[in-house]
Amino acid sequence: MGQRLKELIIQRCKDKEIPLVGFASAERWNDPLFEPWIPEEYRPCAIFPETKTVIVLGLPVSLPVLETAPSIHYHELYKTVNTLLDMHGYQLAEWLTALGHPSLWVPRDGYGSISVLKERPVVFFSHRHAALLAGLGTFGINNTLLTPAYGPRVRFVSVFTSAALAPDPLITESLCTRCMACVQACPVRALDGKDYPLGLTDKTACALRSEALFKRSVSPCGICIKVCPVGEDRQRYGRTDLAIYDDHDERFSRYHHAWQHVRRHGGR
Ligand code: SF4
Ligand code: SF4
């Protein structure tokens, strides 16, 4: 039954054009992969005690839109991807519940506003860690989850289900090349260049930048995920030469003009 249901979920995701789906048993949260690990009250069974499996869905952030950031274009894409993830997560949870497997959707951005995030920079459940435990990627120096298909240019949502489904294997080799492009590109030096979880993002500096961009309607920042060389999407869009992000490299001036055009509109 578990295998059949897993196949049905994977097919459902294909039908809805959700390219990434992974499965993690709730027990994986009780088996620390590194320290410091996820505190008990942030684990699926503490939030929804019936949880046997966490299903993680991922949607890509289109690289050519991200390249315009900070911009209204990326701002709108970010909102759209979050909305789609929340819809897919909610619908999947309701569908599973109707099939007799009580399930719960966990929202995409559970922090209310950036000022809340500045005071308390953690959410009640981490989708990044769920995606790690569902075998979808590994952490990078930019503190995001890198995936083979999209590098860090992907967003996740999670569904807790009482159905026991076979977990997917974890990715054991780090996908991060330690190129430090993210560290060098961060405009507020919020990344310290150390491996996750020892490397810390200066969350206050990052949140302050986000807040400033939000006031101009051009949040979020996105620079540390834009420059990451990991991800097959770079080949797909013909963006393997990172010199494209050097404003002084004239070989790419038509891209720079395009991004500047977008940046001049829609924000304050
Ligand atoms: S989102 Fe922007 S400010 Fe935050 S760490 Fe990444 S590059 Fe730095
Ligand atoms: S930009 Fe380089 S160092 Fe940063 S996460 Fe990506 S691969 Fe790792």
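Where a number appears in this text, it was derived from the coordinates with a stated rule and is not lab data. Source: prediction; values computed, not measured. Here Cβ is always computed from backbone atoms with ideal geometry, including for glycine, and neighbour counts include all displayed protein chains.
Odds and ends about this structure:
- Amide H contacts of G267: I72, each under 5 Å away and 5 or more positions distant or on a separate chain (H built 1.01 Å from N in the peptide plane; Pro and chain starts excluded).
- Mean residue ellipticity, 222 nm, helices only, the chain: the sum of -39500 (n - 2.57) across DSSP H runs of n ≥ 4, divided by residue count and rounded to 500, is -10500 deg cm²/dmol.
- Candidates V123, V227, V61: whichever shows maximal mean-square fluctuation once the chain is modelled as a Gaussian network with Cα springs under 10 Å: V123
- Applying a 4.7 Å Cβ-Cβ cutoff to the chain leaves C13, C45, C176, C179, C186, C206, C221, C228 as cysteine residues with no disulfide-compatible partner.
- Qualifying lysines (Cα of each under 20 Å from Cα of K215; at least 8 residues distant if same chain): K79, K118, K203
- Global geometry of region 1-48, whether rounded, prolate or oblate, following the gyration tensor of its Cα atoms and the 1.5 cut on a/c: prolate
- Nearest-ten-degree value, helix 72-98 long axis tilted from longest Cα axis of the chain: 0
- Region 7-146: C-alpha gyration tensor shape, a/c 1.5 cut-off, then a/b vs b/c: oblate
- For region 140-268, the relative contact order works out to 31 percent when only alpha carbon pairs closer than 8 Å and six or more residues apart are counted.
- Computing Rg and the Kirkwood Rh from the Cα coordinates of the chain gives a ratio, Rg/Rh, of 0.97.
- Candidate aspartates and glutamates for bridging to K194, where Cα separation is under 20 Å - those fewer than 8 sequence places away on the same chain excluded: E35, E173, D202
- Added length on full extension, which subtracts the Cα-Cα distance from 0.36 nm per residue, D202 to D31: 58.9 nm
- Whole-Hz ³J(HN,Hα) from phi, Karplus 6.51 cos²θ - 1.76 cosθ + 1.60, for region 248-257, glycine and proline x: 8, 7, 5, 4, 10, 4, 5, 5, 4, 5
- Spin-label pair E250/I10, simplified geometry with 7 Å Cα→Cβ offset, distance in nm: 5.2
- The relative contact order of the chain comes to 25 percent, based on Cα pairs under 8 Å that sit 6 or more residues apart.
- Region 231-245 - phi-based ³J(HN,Hα) in whole Hz, Karplus 6.51/-1.76/1.60, Gly and Pro as x: x, 5, 4, 5, 5, 4, 9, x, 10, 7, 8, 6, 4, 4, 8
- Nearby aspartates and glutamates by direct alpha-carbon distance to K226 (threshold 13 angstrom, same-chain neighbours under 8 apart not counted): E67, D241, D246
- Within-14-Å neighbourhood charge of K79 [Cβ basis; K, R +1; D, E -1]: -1
- Here the extension length gained between H257 and E41 equals 72.9 nm, from 0.36 nm per residue of separation less the Cα-Cα distance.
- Cα gyration tensor shape of region 166-268, rounded if a/c is under 1.5, else prolate or oblate by comparing a/b with b/c: oblate
- Selection of GluC sites (Glu not before Pro), region 198-268, meeting DSSP coil and at most 16 other Cβ within 10 Å: E232
- Karplus-based coupling profile of region 126-141, in residue order and whole Hz: 9, 5, 4, 5, 4, 5, 4, 6, 9, x, 8, x, 9, 6, x, 5, with θ = phi - 60° in 6.51 cos²θ - 1.76 cosθ + 1.60 and x standing for Gly or Pro.
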